[in-house]
Amino acid sequence: MALRLDGKQLASELETRLRQEIESGISQAGRPPGLAVLRVGDDPASGVYVANKEKACARIGVASYGSHLPGSSSQAEVAAAIAALNADDRVDGILLQLPLPAGLTEGPLLEQIDPDKDADGLHTLNLGRLLKGQTGPRSCTPAGVMALLARHQFSLEGKRAVVVGRSILVGQPMALMLQAANATVSVAHSRTKDLEAITRQADVLVVAAGKPRMIGAEHVRPGAVVVDVGIHRLPRPADAPEGTKAKLCGDVRAEELEEIALALSPVPGGVGPMTVTMLLVNTVVAWCRRHGLDHGLEDLVV
Ligand code: NDP
C-alpha cells in the first residue's frame with residue numbers, strides 16, 4: 001500500500017505551531033495577525049472556500065477582515081477596496097478570492113495588492129522573488145506540496161521531478177520550488193507529446209492538470225511519490241438521497257496507484273488542507289516581519 005501523504009493531519013500540526021507563534025508574539029505586536037479575504041459576487045464554491053479560510057483563521061487566532069462586494073461592483077470599486085486594505089494597519093495578508101464575476105479583470109487587481117501583504121504569493125514581484133531565490137510570500141498550493149514532501153522526509157536532491165500543468169497558480173511555481181530543492185524538473189502541459197514516457201521518469205510526480213482521473217498506472221514508475229493537486233466534484237448519482245454530499249476526485253486514479261506508488265496524496269485530505277494552511281503561514285510570517293518578531297517557520301518558507 002502506498003504511504004498516505006496526509007495533508008489534513010499535517011495542516012492540523014502546523015496550525016498548532018502557528019497558534020504558538022501568535023501567542024508568543026502578540027504582546028510585543030500589540031495585535032493579532034490579520035487576514036482580509038475579499039470576495040466579489042456570489043460564486044457558491046467561493047463562498048465555501050472563504051468560509052473555510054475564515055474558520056481556519058479563527059482556530060489559530062488570526063483576525064479576519066473579510067469584505068464581500070456585490071457582483072455588480074466596478075473595477076474601480078474593487079480597486080478601492082484593495083487600496084483600503086493595503087492601507088489598513090491591522091491587515092497583514094490580503095486575498096482576492098477568484099474567480100471574479102464577468103466584467104472584472106483579475107490581473108491588474110492582483111497586481112494592486114501590496115506585495116508584502118500578498119497572502120496568496122501570486123503578485124508578479126513575489127513570483128519574481130521565487131524565481132530569484134529571494135524570500136517573500138510563496139504561492140500557497142505548491143508551498144503546501146513542498147511542506148507535505150518535507151514532512152515525510154523525501155529528499156528531492158538529485159531526484160527526477162515531473163510537474164503536469166504549467167499554470168501560474170500551481171504548475172510554474174511548483175516547478176521552481178522543486179528546482180530550488182535541487183530536483184531535476186520537467187514540466188508537461190496540454191501540448192506535451194507522449195506524456196506517459198515523461199511521467200514514467202518521475203521519482204516525484206506532481207499532477208495539476210485539472211482533468212479528473214487523468215493519470216493512472218500507465219503513467220507512474222513503481223516506487224514514485226505522487227502528489228495529486230487536482231480537485232473535482234463528481235456529479236451526484238440520480239438516485240442519491242436528498243442532502244448527499246457530492247464526492248470529490250483528483251487528477252489521479254488513486255486506486256490504480258495503491259500498489260505501485262511509494263506514496264500518494266489523497267483527495268480530499270491531501271493538498272487541499274495544506275493550501276489553506278500556507279495562506280495562514282504567509283499571513284503570520286508577514287505579521288512577524290512587520291513587528292520585528294523572530295519566528296520558527298523558516299522550514300515552511302521555501
Ligand atoms: P489550469 O486549468 O489553470 O491549468 C491546468 C494545466 O494543466 C495547464 O498548464 C494545462 O496545459 C495542463 N493540462 C491540461 N490538460 C492536460 C493534459 N491532457 N496533459 C498535460 N497537461 C495538461 O489549472 P490550475 O493549475 O489552476 O489547477 C489544476 C488543478 O488543481 C485543478 O483541478 C484545480 O481545481 C486544482 N487546484 C487545487 C488546489 C488545492 O488546494 N487542492 C488549489 C489550486 C488548484 P496548457 O498550459 O497547455 O493549457
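Some values worked out for this structure:
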item: Some residue of region 207-223 being open to solvent by less than 10 Å² (accessible area, probe 1.4 Å) and within 11 Å of the ligand (Cβ to nearest atom); result: yes
item: Selected residue [open to solvent by 60 Å² or more (accessible area, probe 1.4 Å) and within 18 Å of the chain's Cα centre (by Cα)] from PRO99, PRO108; result: PRO99
item: Candidate set: region 144-161, residues that are more than 16 Å from the ligand (Cβ to nearest atom) and not in a loop (DSSP other than H, G, I, E, B); chosen: the one farthest from GLY270 (Cα to Cα); result: ARG160
item: Number of the exception - THR199 against (1) more than 10 Å from the ligand (Cβ to nearest atom); (2) open to solvent by less than 30 Å² (accessible area, probe 1.4 Å); (3) among the polar types (S, T, N, Q); result: (1)
item: Qualifying residues in region 224-240 (those that are in a loop (DSSP other than H, G, I, E, B) and open to solvent by 90 Å² or more (accessible area, probe 1.4 Å)) - the one nearest to the ligand (Cβ to nearest atom); result: ILE231
item: Hey, ASP92 touching a strand residue (DSSP E or B) at 6+ places or on another chain (Cβ under 9 Å) and of a type in the set (D, E, K, R) or not; result: yes
item: Residue match in region 162-170 (condition: within 13 Å of the ligand (Cβ to nearest atom), open to solvent by 10 Å² or more (accessible area, probe 1.4 Å), of a type in the set (Val, Ile, Thr) and in contact with a helix residue (DSSP H, G or I) (Cβ under 6 Å, 6 or more places away or on another chain)); result: yes
item: Of residues in region 241-267 being surrounded by fewer than 16 Cβ atoms within 10 Å (Cβ to Cβ) and within 26 Å of GLN201 (Cα to Cα), the one nearest to the ligand (Cβ to nearest atom); result: GLU255
item: Candidate set from region 172-188 (those that are open to solvent by 60 Å² or more (accessible area, probe 1.4 Å) and over 18 Å from THR141 (Cα atoms)); member that is nearest to the ligand (Cβ to nearest atom); result: THR184
item: Set ARG138, ARG151, ARG129: member being touching an Asp or Glu at 6+ places or on another chain (Cβ under 9 Å) and of a type in the set (D, E, K, R); result: ARG151
item: Residue ID - farthest from GLY107 (Cα to Cα), chosen from residues in region 126-151 that are exposed (fewer than 15 other Cβ atoms within 10 Å of the Cβ) and either of a type in the set (Gly, Ala, Ser) or touching a strand residue (DSSP E or B) at 6+ places or on another chain (Cβ under 9 Å) (or both); result: GLY133
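The values are calculated or read from the model by the stated rules, or taken from the named source; none is laboratory data. Quick caveat: nothing in here was measured; it's all calculated off a predicted structure. Because the Cβ atoms are built from the backbone with ideal geometry, glycine has one as well, and the counts that use them run over all protein chains shown. Calculation scope for accessible area: heavy atoms of the full protein, side chains included, ligands and nucleic acids excluded. Shrake-Rupley method; radii C 1.70, N 1.55, O 1.52, S 1.80 Å.
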